[in-house]
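J.: One structure, pasted below without further comment.
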Amino acid sequence: MSVHAAGHSSGIAELDPLIRRVVGGRLRDQSALDDVVQETLARTMAARIRLDDGALAPYAIVTARNLVSGLWRREERSQRHLHRLVDRWEPPGPDDDVVLREQAEAVAVALAELPPRERLGLVAHELEGRETASLAEEWGSTPGAVAAQLKRARAKLRVEYLLALGRIDPPTPLCRPVLMALSGGERRRQRELEAGQHLLECDFCSDMGPTLLQSREKGAEDDVQVPVECDADVVAARQRAREVAAEVGFSGTDLTLISTAVSEIARNIVQFARRGEVVLTRVEDDGRSGVRVVARDAGPGIADLDRAEQDGFSTYGGMGLGLPGCRRLMDEFEVTSKVDKGTTVVMTKWRQQPN
Amino acid sequence: MLVSILRQGDFLIASIHTALDDTEMERFRQDVVTRIGQFRSRGVIIDVAALDVIDSFGSRCLADLAHMARFRGAQTVIVGIQPDVAFAIVQLGMDLDVHTTLDLEEGLALLERLTAGSRTGHSAIGVLGDDR
């Protein structure tokens, strides 16, 4: 497991020369180059969890390209506006109103692109504040399935909105599905569509893709973040985990298993790193839904991961059941750790066991 | 009120009413051990029916409590572990090496048997002449 984990973190580091080459071809200024490379790595790192491994390098390249063109645009603009630098306030221009109206129209167009049920569901949930549970009752479905449907609808809406706003039709038939997969963070679908390859080939999607991914990060609607610093936070983390898992539709026993695992992992943060966070995310893959727990800290790290994942290995006189115990409680479990940098544990529980 | 520790003749009945964090759990353990000396209790019931999670720390704390109580001359019975919690404890790989029963009633019955012969005899629960 640790080999796998190491492969992951060095995967990002290996991108460095690649990005440097991409950016170096476009920028002369050494310090600007360093900035762009750093920013690209940071964004790629942040989006990594939502990306298939094969899409990592293409995503980084596309991000770098966009950052560079953004830089040019900013420079050009400041050049253009230099003469009115003293003027700190601009009256609302005649175009502001138009921009607002265009945005509203784009939302309407995008909404119209959704199937009627998804559109009604989304409006009921987002605007009227209806619970997934009551929608589920109306549709004869489960809250988990409704939530999954709403999530897909939101992903679709984001894509359609951007298309409507730009008044563009995607150049290839592959564009729309790829953008949807990116928007929804569906890694499996991305792999099937070879999204990484398409991002590199299609200029249109290379512009759109990162915007979609980043808007996902800001729209933290499906992420629940729990800061962990003290004993009480451990209890809070496991209670939040139970709530999120219940929303996904887990049964009683699974709720207990998940919150027990979160309790263990959150305690590790308090015990070894003093400060960190637990992020709970609802995940979808191939029709199954589940909950993903990411626990990260910037603590001392784990020197010997292989031993830490063995039963009975403890560095502080505990029972040494923390990590191996969590592996047994959850379906997927992965630890990444770097000495003096910190530790990240990613674990997932799926609602239906794959047989 | 997070916990309560009640005296019942020769026994202590300690109940946890809500989720406790690690510090509270340790304080609870300490309080129970202190009361055992105070009341010269022969048996302790720990009611954990309200806990929806007993993780490795919780299990260890309960096991330690039972161990400490034994050194103080008292037997401990844990009662009311929820089925899901029991499953999680086993999955986690914990070996909760203490006396356990399904509910309070069975717990008291077990304590009566465990402490038979060492009792001072003025239990409010124990039936007179229960020594057999």
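The values are calculated or read from the model by the stated rules, or taken from the named source; none is laboratory data. Model, not experiment: these values are computed from the prediction. Methodologically, a virtual Cβ is constructed for each residue, glycine included, from the backbone with ideal geometry; neighbour enumeration extends over all protein chains shown. Accessible surface areas use protein heavy atoms only, side chains included; no ligands, DNA or RNA. Shrake-Rupley method; radii C 1.70, N 1.55, O 1.52, S 1.80 Å.
J.: Using +1 on the beta carbon of Lys and Arg, -1 on that of Asp and Glu, and nothing else charged, what's the dipole of the range A:98-220 about the Cα centre, debye to 20? Don't skip to the end; give the middle numbers.
T.: Numbers: 17 positive and 18 negative charges, 48 e Å.
The dipole magnitude comes to about 220 debye.
J.: Further, regarding this structure: With every protein chain left in place and a probe of 1.4 Å, what is the accessible surface of A:Cys202, to the nearest 10 Å²?
T.: Here the accessible area works out near 10 Å².
J.: Heavy atoms only, 1.4 Å probe, whole protein assembly: order A:Trp139, A:Trp72, A:Trp350 by accessible area, highest first. All intermediate terms of the calculation are to be shown ahead of the outcome.
T.: Values: A:Trp139 50, A:Trp72 125, A:Trp350 15 Å².
The ordering from most to least exposed comes out as A:Trp72, A:Trp139, A:Trp350.
J.: Tell me the Rg and the Dmax, in Å, that the Cα atoms of the range A:98-220 produce.
T.: Spelled out, the Cα radius of gyration and Dmax of the range A:98-220 are 15.2, 45 Å.
J.: If you count, for every residue in A:278-290, the Cβ atoms of partner chains within 10 Å of its Cβ, what is the mean?
T.: Mean partner shielding for this stretch: 0.
J.: Leaving out same-chain residues fewer than 8 places away, which aspartates and glutamates sit with a Cα under 14 Å from that of A:Lys338?
T.: A:Asp297, A:Asp304, A:Asp306
J.: Compare A:Thr256, A:Thr132 by solvent-accessible area with a 1.4 Å probe and give them largest first, with all protein chains kept in place.
T.: From most exposed to least exposed: A:Thr132, A:Thr256.
J.: While we're on this one: Using helices alone, I'd like the mean residue ellipticity at 222 nm for chain A: each DSSP H run of four-plus residues gives -39500 (n - 2.57), total over residue count, nearest 500.
T.: Per the formula, -19500 deg cm²/dmol.
J.: Using the Kyte-Doolittle scale, find the helices of chain A whose mean hydropathy is at least -1.0 and whose Cα atoms extend 18 Å or more along the helix's long axis, counting only whole DSSP H runs. Can you show the working numbers first?
T.: Numbers: long enough: A:2-24 (34 Å, 0.30); A:30-47 (26 Å, 0.05); A:56-80 (36 Å, -0.53); A:94-113 (30 Å, 0.14); A:143-166 (34 Å, 0.26); A:203-218 (24 Å, -0.74); A:231-248 (26 Å, -0.19); A:252-268 (24 Å, 0.31).
Counting only whole DSSP H runs, the qualifying helices are A:2-24, A:30-47, A:56-80, A:94-113, A:143-166, A:203-218, A:231-248, A:252-268.
J.: Taking chain A as a Gaussian network, where each spring joins two C-alpha atoms under 10 Å apart, which residue of A:Ile12, A:Ile61, A:Ile265 fluctuates the most?
T.: Evaluated over chain A, the most mobile residue of the options is A:Ile12.
J.: About the Cα centre of chain B, how large is the charge dipole given +1 on each Lys and Arg Cβ and -1 on each Asp and Glu Cβ? Please answer in debye to the nearest 20. Spell out each step's value before the answer.
T.: On the way: 12 positive and 19 negative charges, 150 e Å.
That gives a dipole near 720 debye.
J.: Something else now. For the pairing of chain A with chain B, what total accessible surface becomes buried, with a 1.4 angstrom probe, in square angstrom to the nearest 100?
T.: 1900 Å²
J.: So what does log10 I(q)/I(0) come out to for the range A:221-350 at q = 0.15, 0.20 Å⁻¹, using the Debye formula with one equal point on every Cα and no solvent?
T.: Listed by q, the Debye log ratios stand at -0.64, -1.12.
J.: Need one value for A:247-253: mean number of C-beta atoms belonging to other chains within 10 Å of its residues' C-beta atoms.
T.: The shielding value for this peptide is 2.
J.: Along the charge dipole of chain A, which of A:Ala110, A:Val283, A:Gly121 sits closest to the positive end, that is, farthest toward it, with unit charges on the beta carbon of Lys, Arg, Asp and Glu (+1, +1, -1, -1)?
T.: Going by the Cα projections, it comes out as A:Val283.
J.: Another question about this same structure. For chain A, modelled as a Gaussian network with Cα springs under 10 Å, which listed residue fluctuates most, A:Ala153, A:Ala106, A:Ala181?
T.: A:Ala106
J.: Now for a separate question. If you count only protein heavy atoms with a 1.4 Å probe, what accessible area per residue comes out for the range A:98-220, rounded to a whole Å²?
T.: Spelled out: the 1.4 Å probe surface of the range A:98-220, per residue, equals 52 Å².
J.: When DSSP assigns beta bridges and you keep just the ones with both residues in the protein assembly as shown, what percent turn out antiparallel, to the nearest 5? Write out the running numbers ahead of the final one.
T.: Values: 37 of 50 bridges.
Looking only at bridges with both residues in the protein assembly as shown, the antiparallel portion is about 75 percent.
J.: Between A:Asp16 and A:Val109, what FRET efficiency comes out of the Förster formula 1/(1 + (r/R0)^6) with R0 = 35 Å and r the beta carbon distance, rounded to 0.05?
T.: 0.30
J.: Shifting gears a bit: Could you check how much of the accessible area of chain A is carbon and sulfur, as a whole percent, using a 1.4 Å probe?
T.: C and S atoms contribute 51 percent here.
J.: Taking a probe of 1.4 angstrom, what is the accessible area of A:Thr253 in Å², to the nearest 10?
T.: In the full protein context, A:Thr253 sits at about 50 Å².
J.: Along the charge dipole of chain A, which of A:Gly24, A:Leu100, A:Gln310 sits closest to the positive end, that is, farthest toward it, with unit charges on the beta carbon of Lys, Arg, Asp and Glu (+1, +1, -1, -1)?
T.: Result: A:Gly24, furthest along the dipole toward the positive end.
J.: Still on this structure: Enumerate the residues in the range A:223-242 having an amide nitrogen under 15 Å from the point lying 7 Å beyond the Cα of A:Arg274 toward its Cβ.
T.: Under 15 Å, as judged by backbone N against the label point of A:Arg274, lie A:228-231 of the range A:223-242.
J.: Return the equivalent ellipsoid semi-axes of the protein assembly as shown as a descending list in whole Å, where each equals the square root of 5 times an eigenvalue of the C-alpha gyration tensor.
T.: Values: eigenvalues 619, 135, 81 Å².
Taking √(5λ) for each eigenvalue gives 56, 26, 20 Å, largest first.
J.: Which whole number of Å³ per residue matches the convex hull of the alpha-carbon atoms in the range A:2-80?
T.: 86 Å³
J.: If you don't mind, another one. How well do other chains shield peptide B:17-25, expressed as the mean number of their Cβ atoms within 10 Å of each residue Cβ? Before the final figure, lay out each step's value.
T.: Details: counts 0, 1, 8, 3, 10, 9, 3, 3, 1.
So the per-residue partner count for this stretch is 4.
J.: Straight-line reach from A:Lys156: which aspartates and glutamates have a Cα under 14 Å away, not including same-chain ones fewer than 8 places off?
T.: A:Glu113, A:Glu118, A:Glu186
J.: Of A:Arg158, A:Arg188, A:Arg167, A:Arg80, which has the most accessible area with a 1.4 Å probe, and how do the rest follow in descending order? Kindly include the intermediate steps, with their values, before the conclusion.
T.: Numbers: A:Arg158 50, A:Arg188 95, A:Arg167 170, A:Arg80 140 Å².
Ranked from most to least accessible, the order is A:Arg167, A:Arg80, A:Arg188, A:Arg158.
J.: Give, rounded to the nearest 20 debye, the magnitude of the charge dipole that chain A has about its Cα centre when Lys and Arg contribute +1 at Cβ and Asp and Glu contribute -1 at Cβ. If you can, show how the numbers build up before the last one.
T.: Working: 48 positive and 56 negative charges, 64 e Å.
The dipole magnitude comes to about 300 debye.
J.: How large is the helix-only mean residue ellipticity at 222 nm for chain B, computed as the sum of -39500 (n - 2.57) over DSSP H runs with n ≥ 4, divided by its residue count, in deg cm²/dmol to the nearest 500?
T.: So the calculated ellipticity at 222 nm is -13500 deg cm²/dmol.
J.: If you take every DSSP beta bridge whose two residues both sit in the range B:3-114, what share of them, in percent to the nearest 5, is antiparallel?
T.: Percentage antiparallel, nearest 5: 30.
J.: If a helix is a whole DSSP H run, which ones in chain B reach 20 Å or further along their own axis (Cα) and hold a mean Kyte-Doolittle hydropathy of at least -1.0?
T.: Values: long enough: B:22-39 (26 Å, -0.88); B:56-71 (23 Å, 0.33).
Span-like helices here: B:22-39, B:56-71.
J.: Could you tell me the accessible area of B:Thr34 in Å² (1.4 Å probe, neighbours in place), rounded to the nearest ten?
T.: Answer for B:Thr34: close to 70 Å² accessible.
J.: Rg (Å, one decimal) plus Dmax (Å, integer) for the alpha carbons of the range B:1-48?
T.: 10.4, 30
J.: Å³ per residue of the Cα convex hull, for the range B:3-114? Could you put the intermediate results ahead of the total?
T.: Values: hull volume 9.4 nm³, N = 112.
In the range B:3-114, the Cα convex hull volume per residue is 84 Å³.
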